[in-house]
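**Student:** Shown below is the structure under consideration.
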């Protein structure tokens, strides 16, 4: 099994949020930032990585993503601000 990532993208501070899961976060961010996959993120301009979490197993990441998607918006905002209070693009941490 391979590792997985759960991530949250934002259009801007306190803007539209997108929660996703992937086994290759760098590739997936490239797809989001360049509108390579039609859908929610390209439609609403959601491109800034504001939070992510690494899991040893993709299955664990999928479970965590489903849990976070069910959370109230306020909980997601608190999660982001607990590690990224300025809502900076943290994609450079992947390099």
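The values are calculated or read from the model by the stated rules, or taken from the named source; none is laboratory data. These figures come from a predicted structure and were not determined experimentally. Note that each Cβ is placed from the backbone with ideal geometry, even for glycine, and that neighbours are counted across all protein chains shown.
**Student:** For segment 29-44, which residues satisfy the criterion of being surrounded by fewer than 14 Cβ atoms within 10 Å (Cβ to Cβ) and touching a helix residue (DSSP H, G or I) at 6+ places or on another chain (Cβ under 6 Å)?
**Tutor:** Result: 35, 37.
**Student:** Tell me yes or no: at least one residue of segment 26-41 is within 19 Å of residue 92 (Cα to Cα), assigned to a loop (DSSP other than H, G, I, E, B) and in contact (Cβ under 8 Å) with a residue 24 or more places away in the chain.
**Tutor:** No, the conditions are met nowhere in segment 26-41.
**Student:** I'd like to check something: does segment 29-43 contain any residue that is over 10 Å from the mean Cα position of the chain (by Cα) and on the phi > 0 side of the Ramachandran plot?
**Tutor:** From segment 29-43, those over 10 Å from the mean Cα position of the chain (by Cα) are 30-43; that's our starting set.
Imposing the further condition that a residue be on the phi > 0 side of the Ramachandran plot reduces the set to 35, 39.
Yes, segment 29-43 contains a residue that is over 10 Å from the mean Cα position of the chain (by Cα) and on the phi > 0 side of the Ramachandran plot.
**Student:** Follow-up. Given the conditions (1) over 21 Å from residue 86 (Cα atoms); (2) touching a strand residue (DSSP E or B) at 6+ places or on another chain (Cβ under 7 Å), which single one is not true for residue 6?
**Tutor:** It is condition (1) that residue 6 fails.
**Student:** Given the criteria surrounded by fewer than 12 Cβ atoms within 10 Å (Cβ to Cβ) and either out of contact with any helix residue (DSSP H, G or I) (no Cβ under 9 Å at 6 or more places or on another chain) or without any contact (Cβ under 8 Å) to a residue 40 or more places away in the chain (or both), does residue 22 qualify? First the steps, then the outcome.
**Tutor:** Details: surrounded by fewer than 12 Cβ atoms within 10 Å (Cβ to Cβ): no; either out of contact with any helix residue (DSSP H, G or I) (no Cβ under 9 Å at 6 or more places or on another chain) or without any contact (Cβ under 8 Å) to a residue 40 or more places away in the chain (or both): yes.
For residue 22, the condition - surrounded by fewer than 12 Cβ atoms within 10 Å (Cβ to Cβ) and either out of contact with any helix residue (DSSP H, G or I) (no Cβ under 9 Å at 6 or more places or on another chain) or without any contact (Cβ under 8 Å) to a residue 40 or more places away in the chain (or both) - is not met.
**Student:** Starting from segment 65-76, take each residue that is within 14 Å of residue 14 (Cβ to Cβ) and list its partners that are modelled with pLDDT of 95 or more and outside any helix (DSSP H, G or I), counting only C-beta distances under 8 angstrom and pairs at least six apart or across chains.
**Tutor:** That search, which allows pairs on different chains as well, returns 73/17; 76/8; 76/17; 76/19.
**Student:** Does segment 52-95 hold any residues that are surrounded by 15 or more Cβ atoms within 10 Å (Cβ to Cβ), assigned to a loop (DSSP other than H, G, I, E, B) and out of contact with any helix residue (DSSP H, G or I) (no Cβ under 8 Å at 6 or more places or on another chain), and which are they?
**Tutor:** Of everything in segment 52-95, those that are surrounded by 15 or more Cβ atoms within 10 Å (Cβ to Cβ), assigned to a loop (DSSP other than H, G, I, E, B) and out of contact with any helix residue (DSSP H, G or I) (no Cβ under 8 Å at 6 or more places or on another chain) turn out to be 84, 89, 90.
**Student:** Another one. Is it true that residue 15 is at pLDDT 95 or above, surrounded by fewer than 15 Cβ atoms within 10 Å (Cβ to Cβ), more than 20 Å from residue 58 (Cα to Cα) and out of contact with any helix residue (DSSP H, G or I) (no Cβ under 6 Å at 6 or more places or on another chain)? It would help to see each step written out before you state the result.
**Tutor:** Numbers: at pLDDT 95 or above: yes; surrounded by fewer than 15 Cβ atoms within 10 Å (Cβ to Cβ): yes; more than 20 Å from residue 58 (Cα to Cα): yes; out of contact with any helix residue (DSSP H, G or I) (no Cβ under 6 Å at 6 or more places or on another chain): yes.
Answer is yes for this residue.
**Student:** Please verify whether residue 49 is out of contact with any helix residue (DSSP H, G or I) (no Cβ under 7 Å at 6 or more places or on another chain), in contact (Cβ under 8 Å) with a residue 12 or more places away in the chain, surrounded by 13 or more Cβ atoms within 10 Å (Cβ to Cβ) and under 15 Å from residue 5 (Cβ atoms), treating the condition exactly as stated. Please lay out each step first, then the result.
**Tutor:** Details: out of contact with any helix residue (DSSP H, G or I) (no Cβ under 7 Å at 6 or more places or on another chain): no; in contact (Cβ under 8 Å) with a residue 12 or more places away in the chain: yes; surrounded by 13 or more Cβ atoms within 10 Å (Cβ to Cβ): yes; under 15 Å from residue 5 (Cβ atoms): yes.
Here the answer is no, as residue 49 does not meet what is asked.
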